[in-house]
Amino acid sequence: MRKNFKFIFVLSIIILIAYMYIAVDSAQRKSDEESYKILSDAIIRSAVQCYAIEGFYPPDIEYLENNYGLLVDHNKYFVSYSVFASNIIPEVQVFLKNQNQ
């Protein structure tokens, strides 16, 4: 009887730890998705603000970082910023870099 209780106790602790790990991992993924969306929106907002103030869309992300206070974590994200013309809104794509490397 006592041996069964120990086994059930240890098994329940292992299950609880596994559940906590899965919950933390899921929360981390949701946080990464949310910060990805926030960064995409911030880049577009900064580009539109630049267009409203200066009359042209910025030529690159560095221009937004230097002149409009945009902060991009280049270690975490890869940003594709493609400008067709100075009066057409740029195409912005944000990619999360692989953190396992």
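Working out 0.36 nm times the residue gap between LYS3 and GLN93, then minus their Cα-Cα distance, what length gain in nm do you get to one decimal?
Values: separation 90, 0.36 × 90 = 32.40 nm, distance 5.74 nm.
The span from LYS3 to GLN93 would gain 26.7 nm if fully extended.
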Original post:
lysines within cross-link reach of LYS76: Cα-Cα under 19 Å, excluding same-chain residues under 8 positions apart?
Top reply: LYS30, LYS37, LYS97
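Suppose only helical runs count, i.e. DSSP H with n ≥ 4. What mean residue ellipticity at 222 nm does that imply for the chain under -39500 (n - 2.57) per run, divided by all residues and rounded to the nearest 500 deg cm²/dmol? Provide the component values of the computation, followed by the final result.
Numbers: 2 runs with 61 residues, N = 101.
Counting only the DSSP helices, I get -22000 deg cm²/dmol.
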**OP:** Compute the acute angle (0 to 90°) between the alpha-carbon long axis of helix 2-54 and the principal axis of greatest extent of the alpha-carbon atoms of the chain; round to the nearest 10°.
**Re:** 10
Subject >> Cβ charges +1 (Lys, Arg) and -1 (Asp, Glu), total dipole of the chain, debye >> reply: 1060
Original post:
By how many nm would the segment from ILE14 to GLN28 grow when fully extended, if each residue of separation counts as 0.36 nm and the alpha-carbon distance is taken off?
Top reply: 2.9 nm
Original post:
Over the Cα atoms of the chain, what is the Rg over Rh ratio if Rh follows Kirkwood?
Top reply: 1.36
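Computed from the coordinates by the stated procedures, all read-outs in this text should not be read as laboratory data. None of these values were measured; they are calculated from a predicted model. Note that we place each Cβ from the backbone using ideal geometry, even for glycine, and neighbour counts take in every protein chain shown.
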